[in-house]
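S.K.: Handing you this structure, nothing more for now.
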Ligand SMILES: Nc1nc2c(ncn2[C@@H]2O[C@H](COP(=O)(O)OP(=O)(O)O)[C@@H](O)[C@H]2O)c(=O)[nH]1
Ligand SMILES: [Mg+2]
């Protein structure tokens, strides 16, 4: 992750944008209040839709202004390793302790430049994969009102392949705040992107196509889509959406990230208290069987957590059969479930892409040993892959 130097940092420029931000925050608060005070029914639906669209737009403007008055525009987040996991949790739940227990936090991380960005990286090695674990302590303190560094921290979370919510065993209810903070910033947890496509056209207004029963009025949908700047478009909706989900489908700056919940400090409770914790998890829609109980300090449960991270990320190991060197079982190529031979080639780099002729696969995805396949063949965990190239 590299932070590039900000643009104009003169105090005057800062003060001016600060005023603009305050104006926007007031506008946002007003719209939020109006939404809250308007009862939801068929006759107000379209109005609420427009308000929510406006709200989405204002919030985006605010985010943009904040990132240009804070850390400067265009700081790049560079990915390291095979996948990135963001560790989010309130202060003192044990994020730093966990990062230190799970990763060699001071190796392979020297290249980072975190200047104003409070992100602590560590590399977790598991099943031959290098998984970058990011401790992002600023989420709650900084981001609450969407101020300064909080936005930068959020932009780091946005690039993650998985979010691990770290809760203390005594403070399960913090989950809602964390979830909400991410939601308010366009990060959708454990959701698939809405099945909505918008194809702009030259004329004839908005036409809506749907294969499912739409609960929203067509008029509402049309006015929301117009509110987002489309005058003429063919819109296809493949699921029953509410207003928020429709807006998510229209905006292209939402990210959809899977998550898992780790419950820390499990060493501090005894068996009798466990049902209470499980009950609290259920109250927050977390399946107790899917939460991972750990003690970062006593290093308990960490294997289960590593395994859960691997599963939730959907990582697979590909053993490369290299000409003259045999199969490399030590350092597998790490890909995601659903990846194909083509993705293997591009991750291998070099000129595999251009010189590719065909591949041979043995293992779980192959019909038989040494099956000849093309670039579109979908690989599976523990396949053996040989790529045959032209000279
Ligand atoms: N009993 C117990 N204490 C823990 C555990 N993990 C962290 N702590 C303690 O909780 C405090 C806060 O931990 P820290 O890692 O700094 O939390 P952070 O603010 O989320 O980074 C420290 O005193 C840790 O020693 C655990 O699993 N069990
Ligand atoms: Mg810490």
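S.K.: Out of the residues in segment 197-217 meeting the condition of being within 26 Å of residue 59 (Cβ to Cβ) and surrounded by 13 or more Cβ atoms within 10 Å (Cβ to Cβ), tell me which one is modelled with the lowest pLDDT.
M.R.: It comes out as 214.
S.K.: If you don't mind, another one. I'd like to know if segment 266-278 contains one or more residues that are more than 16 Å from ligand 1 (Cβ to nearest atom) and either touching a strand residue (DSSP E or B) at 6+ places or on another chain (Cβ under 9 Å) or on the phi > 0 side of the Ramachandran plot (or both).
M.R.: no
S.K.: Only one of 171, 192 is in contact (Cβ under 8 Å) with a residue 40 or more places away in the chain, out of contact with any strand residue (DSSP E or B) (no Cβ under 9 Å at 6 or more places or on another chain) and part of a loop (DSSP other than H, G, I, E, B); which? Outline the logic, then answer.
M.R.: Working: 192 fails: out of contact with any strand residue (DSSP E or B) (no Cβ under 9 Å at 6 or more places or on another chain).
Within the list 171, 192, the selection yields 171.
S.K.: Got at least one residue in segment 293-306 being out of contact with any helix residue (DSSP H, G or I) (no Cβ under 7 Å at 6 or more places or on another chain) and surrounded by 19 or more Cβ atoms within 10 Å (Cβ to Cβ)?
M.R.: Yes, segment 293-306 contains at least one residue that is out of contact with any helix residue (DSSP H, G or I) (no Cβ under 7 Å at 6 or more places or on another chain) and surrounded by 19 or more Cβ atoms within 10 Å (Cβ to Cβ).
S.K.: State the number of residues belonging to segment 242-293 that are within 16 Å of ligand 2 (Cβ to nearest atom) and under 23 Å from the mean Cα position of the chain (by Cα).
M.R.: 2
Let's see how each residue does on (1) closer than 16 Å to residue 244 by Cα; (2) in contact with a strand residue (DSSP E or B) (Cβ under 8 Å, 6 or more places away or on another chain); (3) modelled with pLDDT of 80 or more; (4) not assigned by TED's automatic domain parsing to the domain that holds residue 160:
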residue: 2; (1), (2), (3), (4): no, yes, no, yes
residue: 6; (1), (2), (3), (4): no, no, no, yes
residue: 17; (1), (2), (3), (4): no, no, no, yes
residue: 22; (1), (2), (3), (4): no, no, no, yes
residue: 38; (1), (2), (3), (4): yes, no, yes, yes
residue: 47; (1), (2), (3), (4): yes, no, yes, yes
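S.K.: Please find, among 367, 347, 391, the residue that is within 22 Å of the chain's Cα centre (by Cα), without any contact (Cβ under 8 Å) to a residue 40 or more places away in the chain and on the phi < 0 side of the Ramachandran plot.
M.R.: On inspection, the qualifying residue turns out to be 347.
S.K.: Restricting to segment 298-334, name every residue that is modelled with pLDDT under 95 and not assigned by TED's automatic domain parsing to the domain that holds residue 359.
M.R.: None; the set is empty.
S.K.: Inspect all residues belonging to segment 223-230 and state whether any of them is at pLDDT below 90, farther than 30 Å from residue 87 by Cβ and loosely packed, with under 14 Cβ neighbours inside 10 Å.
M.R.: Yes, that holds for at least one residue.
S.K.: Applying the selection to segment 289-305, what residues are touching a strand residue (DSSP E or B) at 6+ places or on another chain (Cβ under 9 Å) and away from ligand 1 (no atom under 16 Å from the Cβ)?
M.R.: Scanning segment 289-305 gives a single hit, 290.
S.K.: Which is within 17 Å of the chain's Cα centre (by Cα) and under 21 Å from residue 284 (Cβ atoms), of 169, 157?
M.R.: Only one candidate qualifies: 157.
S.K.: Pairs under 9 Å by beta carbon, first residue over 13 Å from residue 136 (Cα atoms) in segment 90-104, partner part of a loop (DSSP other than H, G, I, E, B) and modelled with pLDDT under 90, six or more apart or different chains?
M.R.: Within 9 Å, the pairs are 103/109.
The values are calculated or read from the model by the stated rules, or taken from the named source; none is laboratory data. Bear in mind the structure is a predicted one, so any value in this text is a computation, not a measurement. All Cβ positions, even for glycine, are placed from backbone atoms using ideal geometry, and neighbour counts span all protein chains on display.
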